[in-house]
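Notes follow the structure.
The values are calculated or read from the model by the stated rules, or taken from the named source; none is laboratory data. Computed from a predicted structure; not experimentally measured. Counting neighbours? That spans all protein chains shown, and the Cβs are built from the backbone with ideal geometry, glycine included.
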Amino acid sequence: MFRSVRKWALSGALVIASLIAVPSLSYADQLKDILDKGIVKIGVPENFPPFGSVGKDFKHVGYDIDVAELVAKDLGVKLELIPITSKQRIPYLTSGKVDLVISSMGANPARAKSIWFSSAYAPFFSGAFASKDIKISSPADLAGKKIGVTGGTIEDLELSKDLPEGADLIRFGDNAATISAFIAKQVQVLVTGNTVAAKVAKKNPDLKIETKFVIRQSPAFIGVRSGEVNMLQWINVFVLHKKLGGQLNELSQKWLGQKLPPLPSL
């Protein structure tokens, strides 16, 4: 019995000794690295206005570019913009070519296998748009109105579920036809994506376009390299701070001509 006890005691001592002998595992801390280097590399849209595109002075401009600038400012580091295409977003992030991706990226289970996502930072939604002179706040208010939508789209399918009696839903073959009908005032309400509505509003200020209600939310998220806990935590605090402080709402009105809708967290 004593031999057995001595044997277990010796085994335990060896385990403890081995644990003490093994040095503590170190792990990468991207946030610390960025602060130490004094620069953050952020992937932004190459050509996807109003979120990101080349401006008249050949500098990148857009909603995502402004958000990237806010990130660098709050970090207290220099910003290096890396224009990327949709297909480059995840590869550039996982390979380390960029530290973050701010490029109107939606979150889904497939992408979440490779990278992490922040809470939502950008408005990307389908909605009903019309002149501010027309009183509409929900699908129920569409009764007696002529509504233009591109047939077979998400907007068409979603709105059709809640369309009240007396609403005249006119389906067009493509976005160009839908927009033309709205500009020509053949329809009173334009049902489309908010970025499309923003372009129409910018080119036709006399129409006084505003968002009446959101049909479907498809917000954008900031891409963070998988495993970077501190970076993700900082980004989420950043997004919350800019929502509460109104900066994201200001950017939404600047680039989309619309107030920032409520953004869900991831």
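When V189, V239, V224, V214 are checked against the criterion of being touching a Gly at 6+ places or on another chain (Cβ under 8 Å), touching a residue at least 12 places away in the same chain (Cβ under 8 Å) and surrounded by 18 or more Cβ atoms within 10 Å (Cβ to Cβ), V189 stands alone in meeting it.
The sole residue among F117, F129 that is closer than 19 Å to I215 by Cα, part of a strand (DSSP E or B) and touching a residue at least 60 places away in the same chain (Cβ under 8 Å) is F129. I'd like the residue in region 50-63 that is without any contact (Cβ under 8 Å) to a residue 60 or more places away in the chain and under 21 Å from V239 (Cα atoms) and, out of all such residues, is surrounded by the fewest Cβ atoms within 10 Å (Cβ to Cβ). Out of the qualifying residues, it is V61.
For every residue, the table says whether it meets (1) in contact with a Ser or Thr (Cβ under 8 Å, 6 or more places away or on another chain); (2) closer than 12 Å to I215 by Cα.
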| position | (1), (2) |
| --- | --- |
| T150 | yes, no |
| E158 | yes, yes |
| D162 | no, yes |
| E165 | no, no |
| D168 | no, no |
| R171 | yes, no |
| N175 | yes, no |
| T178 | yes, no |
| A184 | no, no |
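Note on region 88-106: residues that are of a type in the set (A, V, I, L, M, F, W, C) and in a strand (DSSP E or B) total 4.
Tally up the residues in region 45-74 that are among the acidic types (D, E) and either assigned to a helix (DSSP H, G or I) or at pLDDT 90 or above (or both), please.
The number of residues fulfilling the criteria is 4.
One residue alone among T178, T195 is buried (at least 18 other Cβ atoms within 10 Å of the Cβ), closer than 26 Å to I115 by Cα and in the same structural domain as S137 (by TED's automatic domain parsing), and that residue is T195. Confirm whether T178 is among the hydroxyl-bearing types (S, T, Y) and in contact (Cβ under 8 Å) with a residue 40 or more places away in the chain. Taking the combined requirement at face value, the residue does not satisfy it. Per this entry, I82 is counted among residues that are at pLDDT 95 or above, of a type outside the set (D, E) and touching a Lys or Arg at 6+ places or on another chain (Cβ under 6 Å).
Tallying residues that are farther than 15 Å from P50 by Cα and either assigned to a loop (DSSP other than H, G, I, E, B) or of a type in the set (D, E) (or both) within region 218-258 yields 5. Scan region 210-243 residue by residue and report those that are modelled with pLDDT of 95 or more and β-branched (V, I, T). Selection gives I222, V224, V229, I235, V237, V239. Take region 101-133 and flag every residue that is within 20 Å of G257 (Cα to Cα), among the hydrophobic types (A, V, I, L, M, F, W, C) and surrounded by fewer than 23 Cβ atoms within 10 Å (Cβ to Cβ). Matches in region 101-133: F124, F125.
If the condition is being within 21 Å of D33 (Cβ to Cβ) and either without any contact (Cβ under 8 Å) to a residue 24 or more places away in the chain or not β-branched (V, I, T) (or both), then region 71-88 contributes A72, K73, D74, L75, G76, K78, L79, E80, L81.
Scanning region 134-159 for residues that are surrounded by 13 or more Cβ atoms within 10 Å (Cβ to Cβ) and either assigned to a helix (DSSP H, G or I) or outside the structural domain of K199 (by TED's automatic domain parsing) (or both) yields P139, D141, L142, I154, E155, D156, L157, E158, L159.
Among (1) surrounded by 14 or more Cβ atoms within 10 Å (Cβ to Cβ); (2) at pLDDT 95 or above; (3) of a type in the set (G, A, S), which single condition is A184 missing? Only one criterion in (1) surrounded by 14 or more Cβ atoms within 10 Å (Cβ to Cβ); (2) at pLDDT 95 or above; (3) of a type in the set (G, A, S) is unmet by A184, namely (1). Selection within region 242-256: residues that are surrounded by 13 or more Cβ atoms within 10 Å (Cβ to Cβ) and of a type in the set (D, E, K, R). The member of this set that is farthest from L157 (Cα to Cα) is K242. Please work out which residue is nearest to N236 (Cα to Cα), limiting yourself to region 75-87 and to residues that are assigned to a helix (DSSP H, G or I) and within 19 Å of the chain's Cα centre (by Cα). My answer is S86.
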